[in-house]
1. Could you tally up the Lys pairs in the stretch 46-173 with alpha carbons closer than 17 Å? Skip any pair fewer than 8 positions apart unless they're on separate chains.
2. Can you pull the percent of the stretch 229-277's accessible area that's carbon plus sulfur, 1.4 Å probe, other chains left in place?
3. Rounded to the nearest 500 deg cm²/dmol, what is the calculated helix-only ellipticity per residue at 222 nm for the chain, with -39500 (n - 2.57) per DSSP H run of length n ≥ 4?
4. Amide H of Val53 versus every other amide H placed in the peptide plane: which residues, excluding those fewer than 5 positions away on the same chain, fall under 5 Å?
5. Taking only protein heavy atoms into account and a 1.4 Å probe, give the accessible area per residue of the chain in Å².
6. Treat each spin label as a single point 7 Å out from the Cα along the C-beta direction, and report the Ile155 to Arg272 distance in nm.
7. Under unit Cβ charges (Lys, Arg +1; Asp, Glu -1), what dipole magnitude, rounded to 20 debye, does the stretch 227-279 have relative to its Cα centre?
8. Along the charge dipole of the stretch 52-138, Cβ charges K/R +1 and D/E -1, which of Ala64, Val104, Ala131 sits furthest on the positive end?
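The values are calculated or read from the model by the stated rules, or taken from the named source; none is laboratory data. Computed from a prediction, not measured in an experiment: that's the story for all the values here. So basically every Cβ, Gly included, is an ideal-geometry build from the backbone, and we count neighbours across all protein chains shown. With ligands, DNA and RNA removed, areas are computed over all heavy atoms of the protein, side chains included. Shrake-Rupley method; radii C 1.70, N 1.55, O 1.52, S 1.80 Å.
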Amino acid sequence: MFHIHVFRVKCESLPQGDFLKSAGTPSEIISRSIESKPTADVGRGSEWHIGNVRIMDEGAISFAMGRKQAVTVQQFDDTTHDFLEEEAMRAPFTFGVFDPEIQVCGVIRKTGVSQRTSEVAGKLEALLNEAGFANKANSKIIVEPIPDPDHFLKIIQESQSVIRFSFTVTRPNPLDVERLIQGPAKEFTDAIDGERSRIETEGPDLNKDVIEEVTNAVAADGEDAAATVRPKEGGPSRRFHLRGNPVIERIEPGANSSALVAVLEGARRAYRRVRRVDQ
């Protein structure tokens with residue numbers, strides 16, 4: 001048994017782009033970026049790499065990601081009977097699987113490599129953009145942790161009323177978005193040459209069912225939402241945010257399945273649970 005981070009990986013066009021630049025669907029650009037096995041400086045002199053790329057069944061892509069680091073190793077020389085300190089290279093790494101169909105990626109949590117979800121997302125994002133395919137298509141790859149909306153939605157459903165609700169969207173990335181509100185907001189962001197928009201509504205008692213539907217779509221897209229609620233027990237209104245509780249999916253590989261297949265299935269399961277679509 002182990003756990004994985006779950007990310008939404010998007011490739012969004014940049015505003016005021018060069019229409020003559022190379023084309024490609026978001027999934028194709030992301031897939032090519034992984035397959036190129038990029039190396040990137042992710043800050044503080046830390047160099048990370050992608051390797052061990054394999055195409056799995058159904059077109060999913062597995063890969064390893066990690067870093068090289070110099071360490072001092074203490075050893076004993078049997079000939080001289082002296083203790084020594086020598087420099088050696090370590091390469092801690094973990095494995096991930098990207099599903100091009102829904103643009104979701106699962107990465108195994110591993111001590112010394114990938115404990116903090118936001119840090120792993122930043123490193124993977126830097127690696128994929130360093131490959132250069134997104135830049136050639138006048139785009140940028142964005143890796144967002146998928147937040148778990150359960151606690152946020154429980155607060156909303158148990159409140160007396162919701163008096164303010166807001167959510168963020170980025171530029172369009174052709175995938176399943178909530179069509180009534182989220183889709184047009186993305187199209188507006190694109191039309192105005194923006195990078196991120198924030199939609200906010202106020203009222204004495206906002207529709208909780210619509211809030212839940214939009215929240216699930218926003219969470220599955222790796223974006224944020226916030227709500228100001230009046231508690232049932234009285235007292236002042238309080239503001240709550242969706243972000244801050246990323247999905248960490250528990251994985252239990254079957255006796256006849258590989259760990260990478262289990263990662264793929266776990267990432268899909270987590271995404272569909274958040275998005276509230278059939279398994």
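1. So the count of such lysine pairs works out to 4.
2. 47 percent
3. Taken over the chain, the calculation gives -8500 deg cm²/dmol.
4. For Val53, whose amide H was placed from the backbone, the distant partners under 5 Å are Ala64.
5. On a per-residue basis, 53 Å².
6. 3.0 nm
7. In debye, rounded to 20, the stretch 227-279 gives about 420.
8. Farthest along the dipole direction, towards plus: Val104.
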